[in-house]
Amino acid sequence: MSEETATDGECHRRDCDEPAAFVVLERYQEETGKGAVEAEAALCRTHTDEESPTNLDGAYDDYVFRVEPIGEE
């Protein structure tokens with residue numbers, strides 16, 4: 001989890017002021033095939049429940065979809 005993702009403390013979703021409880025990370029192959037894209041967001045428990053892999057068409061050997069609790073190492 002990057003420092004930038006963790007420092008805000010609030011859910012990344014628009015109009016949500018709940019505290020972030022998890023970081024969701026997805027790494028997938030860019031549509032052009034020229035490199036990996038890494039999307040990371042700190043989310044509250046409710047919005048984390050709504051998350052699922054969205055870029056499976058860009059899956060490759062190093063594809064990642066991970067949900068990690070904030071504050072636990």
At 1.4 Å probe size, put 25, 56 in order of accessible surface, largest to smallest.
56, 25
Keeping all protein chains in place and using 1.4 angstrom, which order do 13, 66 fall into by accessible surface area, from largest down?
66, 13
Hey, rough spin-label estimate for residue 15 and residue 38, points 7 angstrom out along Cα→Cβ, what's it come to in nanometres?
3.2
Can you give me the convex hull volume of the Cα atoms of the chain, divided per residue and expressed in Å³?
100
Using amide H atoms built in the peptide plane, which far-off residues or other-chain residues are under 5 Å from residue 13 H to H?
44
Place a +1 charge on the Cβ of each Lys and Arg in the chain and a -1 charge on the Cβ of each Asp and Glu, then give the dipole magnitude about the Cα centre in debye, rounded to the nearest 20.
140
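The values are calculated or read from the model by the stated rules, or taken from the named source; none is laboratory data. Since the structure is predicted, the reported quantities are computational estimates derived from the model, not experimental observations. Note: ideal-geometry Cβ built from the backbone for every residue, glycine included; neighbour counts use all protein chains shown. When the accessible area is computed, the model is the full protein with side chains, heavy atoms only, and any ligands, DNA or RNA have been set aside. Shrake-Rupley method; radii C 1.70, N 1.55, O 1.52, S 1.80 Å.
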